[in-house]
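Asker: Before anything else, here's the structure in question.
The values are calculated or read from the model by the stated rules, or taken from the named source; none is laboratory data. These figures come from a predicted structure and were not determined experimentally. Here the Cβ is made from the backbone with ideal geometry for all residues, glycine too, and neighbour counts use every protein chain on show. Just the protein is used for accessible areas: all its heavy atoms, side chains included, with ligands, DNA and RNA removed. Shrake-Rupley method; radii C 1.70, N 1.55, O 1.52, S 1.80 Å.
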Amino acid sequence: MEIASKYNPTEVEKKWYSYWMENGFFHSEPDNREPYTIVIPPPNVTGVLHMGHMLNNTIQDILVRRARMKGKNACWVPGTDHASIATEAKVVNKLREAGIDKHSLSRDEFLKHAWDWTHKHGGIILEQLKKLGASCDWDRTTFTMDEQRSESVIRVFVDLYKKGYIYRGVRMVNWDPQAKTALSDEEVIYKEVQSKLYYLKYQIEGSEDEFVTIATTRPETILGDTAVCVHPEDERFFHLKGKRVIVPLINRAVPVIQDEYVDMEFGTGCLKITPAHDVNDYTIGLKYNLESIDIFNDDGTLSESAGLFIGEDRFVVREKIVPELQKAGNIALIEDYTNKVGYSERTDVVIEPKLSAQWFLKMEDLAKPALENVMNENIQFYPPKFKNIYRHWMSNIKDWCISRQLWWGHRIPVYYLHDGSFVVANNAEEAVTEARMKTGNPDLGINDLRQDEDVLDTWFSSWLWPVSVFDGINNPDNPEIKYYYPTSDLVTAPDIIFFWVARMIIAGYEYRNDLPFKNVYFTGMVRDKQGRKMSKSLGNSPEPLELIEKFGADGVRVGMLLCSPAGGDLLFDESLPQQGMSFSTKIWNAFRLVKSWEVDDAISQPLHSQLAIDWFQHKLAEVNRQMDDLFEKYRISDALMLIYTTVRDEFSGWLLETVKPAYQMPVDARTYSEVITLFDHLLKILHPFMPFITEEIWQMLEERAKGESIMVSTLPKASQYDSRITEAFENVKEAVSGIRKIRLDHAVPNREVLELFVQPGDKGFEQEYLPVVLKLGNLNKVCVVNGEVSGAASFRVKSTNFYLPLGEHADTEEELRKLNDELTYTKGFLQSVMKKLGNDRFVSGAPKEVVDKEMAKKADAEEKIRILEERIASLKA
């Protein structure tokens, strides 16, 4: 068999992904096995693969592949989100480039353009995930606006309305002037910005020289002021009770009101009240029945109600109004000010608090089981620190504004009659029936109804995702929802814990009376090596597909996980996938080495090979148990590092070095067979992390039947191991490393055969493993002695001394220097231990095993000092 000298990831990845797809290995159907289910966090249909997707989907694929190899019926459901705001913005921009204004089109004409755009671009990100190796069940690919999901969303709206949870009302909402739609509180990102604080003078009505001063960062909003408010106990303003003040420029007289809401210590202690454009002012306006003047149009320009600067943008007006106020003598002071401003999560424009008629979902009662079942750990969060964030939000949950002033999305199933009353129904036909019943008019038809123009918030569809992908809303008793739900794990970013995670849990309990997933793994954010968020504007966001092209999918997967603890940010640098690619090369070279051996059935297995293979079998059993433990704790990065070091160090560095035959000599058949079996087991453990190279090597390791694949093979089960054997071999490794260091320090060539003398202590001498030490140390004999060997270089393992007579290579002065350095270090170490043991609080308060461990350190250090001092004295003699 011809094995390439270099591993070619591009060729291998294309070959094996096609093979997996052709054989249907990703597809799942309900059967009698235990299900393992993950639903993909659906990426926006507008999206392309970015580094966050790479991390998230790598972790999901690892979990799915491992579950599949453990014999579970693994089902990973892919899909995309229609992303109302983002997609509509893309389509509007595309139309604008073609000289078409959205509002020159009918709704149906616009939606045709939107669907055309979606069909053209919607599958891009899913195709890109295939390059990463994602083993999704592509036959199950769903879209939040496909027929089945759309029907589910409408059914839920109707159901929740009939249960009394959905209502329509005029409320202060977060308004996005660019997208021209309301946003939920969770869609507003607050940023710290450098602003100006304007101190404005309002003249007291009936007085020529008396003023009150208010402070604002938004001077343009004075055009909507309808009151000034002071604290009822603030003595500075007692004289204003019952008076009115004049709003600058527009000369509107407004009342001075008193309310404890005002903080007397903040600013001037006097607040302007603009009920239409501030959440808190709106509440005060309701309390005192104040007029509400909406001075903004939906696009952020000033409306007719403003009286001035009509049709001009709000920020342009901010610049223009200040000179006007200065000219009128109404500015007392302008100072620099740092404050937090809300921005639209989708369009990144400053949101505008605005009174608007919207549809809302009452959340308080719906949220109770979702809060309870996370806090009692029926649903586990990894890392658990996110429980506190979740609890705080869920305990203070507000009603959810679910309507959006867009055309792309699920149109709200509310149908209005001519008199303004309405019916809520799953479709137009049902709406006509409902309307006839409501009005008592049997002749009423569809033309007598007008459907609500708004669509539902995108999250109103994705909160149903774990249920709707299995059609559990429309057909709640179908075999698939019964088998696959609840799902097993959710992998997501913590920034959508409220947008999505919490709401899915709410929906799960409302529509299945059960949790939607058992575990939630929160990934961190991918940042650059300076800790900055990745963005195109900073130029620090690498192109994922280019990374795959350069380092291979396996290299990128390993690189993403090498420093990615759950919930912790990943500081990404190209050295990480480079390290992943180097690991692929290491595995490939180990495979080429083993396959290059000539096998001789006639020779018996050497003792050093037998010992090393026995040790590695126990080591692999230990690793298997550790892997199970790490996956149970969702320490996936640690699991990768464990198998990484096992392959790189234990397998390639120790086992293969021990068992490999001498140059141009054959290997015995038993050793070869056992090494192949161990390699097979390693590849299976490694496969979820590195699917492509493991499949390539596994297929060539032994003869395979058509249709076989490592991805559907059985993962080695955790078995018993003898820790005495693995611990003993650690002493062997330390002894061999000691020999190699002496060779290096004294320039003794590896080909030069040496003798080793051993002065056994209580620990550190493993006599049965001397054949391994002989082989790896290139020794011709090992002698056990009772005392020191003068003139020899030495090292120590635990309490055992090892001596290597070096003859012409000996350097007594260098040996003394090293021994004195070691003595100084050991005395310092003993001093730190004694300090700890001399602390009565530590000795009396620490657990007994901790104190015993420190006592053992003290005894070992004292013994080491004794031996070092004796050795130094003998060399000086």
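Asker: Quote to one decimal, in nm, the extra length available between Thr10 and Met375 on full extension: 0.36 nm per residue of separation minus the C-alpha distance between them.
Answerer: Here the answer is 126.8 nm.
Asker: A follow-up question, please. Using only Cα atoms, figure out Rg for segment 123-243 and give it as a multiple of 2.2 N^0.38 Å.
Answerer: Cα-based Rg divided by the globular estimate yields 1.95.
Asker: Write down Rg/Rh for segment 594-635, rounded to two decimals, with Rg from the C-alpha atoms and Rh from the Kirkwood relation over Cα pairs.
Answerer: 1.24
Asker: Next up: Can you work out ³J(HN,Hα) from phi for every residue in segment 506-522, in order, using Karplus 6.51 cos²θ - 1.76 cosθ + 1.60 and θ = phi - 60°, giving whole Hz and x for Gly and Pro?
Answerer: Listing the rounded values in order: 4, 5, x, 6, 6, 10, 10, 6, 7, 5, x, 7, 8, 9, 10, 9, 9 Hz.
Asker: A further question on this structure: In Å, what Kirkwood hydrodynamic radius results for segment 510-662 from the alpha-carbon pair distances?
Answerer: For segment 510-662, the Kirkwood estimate is 18.6 Å.
Asker: I need the calculated FRET efficiency for the pair Lys327 and Lys112, taking r as the beta carbon distance and R₀ as 41 Å, to the nearest 0.05.
Answerer: 0.20
Asker: Hey, another quick one. Can you give the angle from 0 to 90° between the axis of helix 669-686 and the longest principal axis of the chain, with both taken from C-alpha atoms, to the nearest 10?
Answerer: Rounded to the nearest ten degrees, it is 20.
Asker: Continuing with this model, one more query. Please work out the C-alpha center-to-center distance from segment 83-142 to segment 823-877 and express it in whole Å.
Answerer: Cα centres, segment 83-142 to segment 823-877: 69 Å.
Asker: Which whole-number percentage describes the relative contact order of segment 95-228, with Cα contacts under 8 Å and a sequence gap of 6 or more?
Answerer: The normalised contact order for segment 95-228 reaches 9 percent.
Asker: Note down the accessible area of Trp175, probe 1.4 Å, to the nearest 10 Å².
Answerer: 10 Å²
Asker: Can you give the extra length, in nm with one decimal, that the chain gains between Val850 and Ile189 once fully stretched, where that is 0.36 nm per residue apart less the Cα-Cα distance?
Answerer: Gain on stretching Val850 to Ile189: 233.2 nm.
Asker: OK, next. Semi-axes of segment 1-63's equivalent ellipsoid from the Cα gyration tensor, sqrt of 5 times each eigenvalue, largest first, rounded to whole Å?
Answerer: Rounded to whole Å, the semi-axes are 27, 21, 11.
Asker: Tell me, what % of the accessible area of the chain is carbon and sulfur with a 1.4 angstrom probe?
Answerer: Summing carbon and sulfur atoms, their accessible area is 48 percent of the total for the chain.
Asker: Report the antiparallel proportion of the DSSP beta bridges in the chain as a percent, rounded to a multiple of 5.
Answerer: 70 percent
Asker: If I fit a long axis through the Cα atoms of helix 812-837 and take the longest principal axis of the Cα atoms of the chain, what angle between them do I get, 0 to 90°, rounded to 10?
Answerer: 50 degrees
Asker: Another question, if that's okay. Stick to the Cα atoms of segment 595-685, pair each with every other, and give me the Kirkwood hydrodynamic radius in Å at one decimal.
Answerer: 14.0 Å
Asker: Still on this model: I'd like the trypsin sites (Lys or Arg not before Pro) in segment 372-410 restricted to DSSP loop residues with at most 16 other Cβ atoms within 10 Å, sorted by number.
Answerer: Taking segment 372-410 and a limit of 16 other Cβ atoms within 10 Å, the loop trypsin sites (Lys or Arg not before Pro) found are Lys385, Lys398.
Asker: Pop out the ³J(HN,Hα) list for segment 260-274 in order, Karplus 6.51 cos²θ - 1.76 cosθ + 1.60 with θ = phi - 60°, rounded to Hz; leave Gly and Pro as x.
Answerer: Whole-Hz 3J(HN,Hα) from phi for segment 260-274: 5, 4, 5, 8, 4, 8, 9, x, 8, x, 10, 10, 7, 10, 10.
Asker: How far is helix 386-395 tilted off the main Cα axis of the chain, in degrees rounded to 10, range 0 to 90?
Answerer: For 386-395 against the chain, the angle is about 20 degrees.
Asker: Counting Lys +1, Arg +1, Asp -1, Glu -1, what net charge surrounds Asp852 among other residues with beta carbon under 15 Å of its beta carbon?
Answerer: Once positives and negatives cancel, what remains is +2.
Asker: May I ask you to rank Arg171, Arg796, Arg724 by accessible area, largest first, using a 1.4 Å probe over the protein chains only?
Answerer: Largest to smallest exposure gives the sequence Arg724, Arg171, Arg796.
Asker: Along the three principal axes, how long is segment 542-623 when you take its alpha carbons, biggest first, rounded to the nearest angstrom?
Answerer: Projected onto the principal axes, the Cα atoms of segment 542-623 cover 55, 28, 14 Å.
Asker: Give me the three principal axis extents of the chain from the C-alpha atoms, as integers in angstrom, largest value leading.
Answerer: Principal axes ranked by extent give 110, 68, 52 Å for the Cα atoms.
Asker: Another one. Scan around Leu570 for amide H atoms under 5 Å from its own, H built in the peptide plane at 1.01 Å from N, and keep only partners 5 or more places away or cross-chain.
Answerer: Amide H to amide H, under 5 Å and 5 or more residues apart or across chains, Leu570 pairs with Met525, Val526, Arg527.
Asker: Skipping prolines and chain starts, which residues have an amide H placed within reach, meaning under 5 Å, of the one on Ser195, given they are 5 or more residues away or on another chain?
Answerer: Close amide H contacts, sequence-distant or interchain: Tyr337, Thr338, Asn339.
Asker: Amide H to amide H, which residues 5 or more places from Met145 or on other chains are under 5 Å from it, using H placed in the peptide plane?
Answerer: Here His82 satisfy the definition.
Asker: How large are Rg and Dmax for segment 66-202 when only the alpha carbon atoms are used, in Å?
Answerer: Reported Rg and Dmax, both Å: 21.3, 76.
Asker: Would you rank Met534, Met581, Met394, Met834 by solvent-accessible area, highest first, keeping every protein chain in place and using a 1.4 Å probe?
Answerer: Greatest to least solvent exposure: Met834, Met581, Met534, Met394.
Asker: Here's another thing I want to ask about it. Return a whole-number percent for the relative contact order of the chain, with Cα pairs under 8 Å and 6 or more residues apart as the contact set.
Answerer: It rounds to 12 percent for the chain.
Asker: Can you list the HN-Hα couplings for segment 574-580, worked out from phi with the Karplus curve (6.51, -1.76, 1.60; θ = phi - 60°), rounded to whole Hz and with x for Gly and Pro?
Answerer: Here the 3J(HN,Hα) series is 5, 5, 5, x, 4, 5, x Hz.
Asker: Among 745-752, 323-330, what's the highest-first ranking by average C-beta atoms within 10 angstrom per residue?
Answerer: So the order, starting with the most tightly packed, is 323-330, 745-752.
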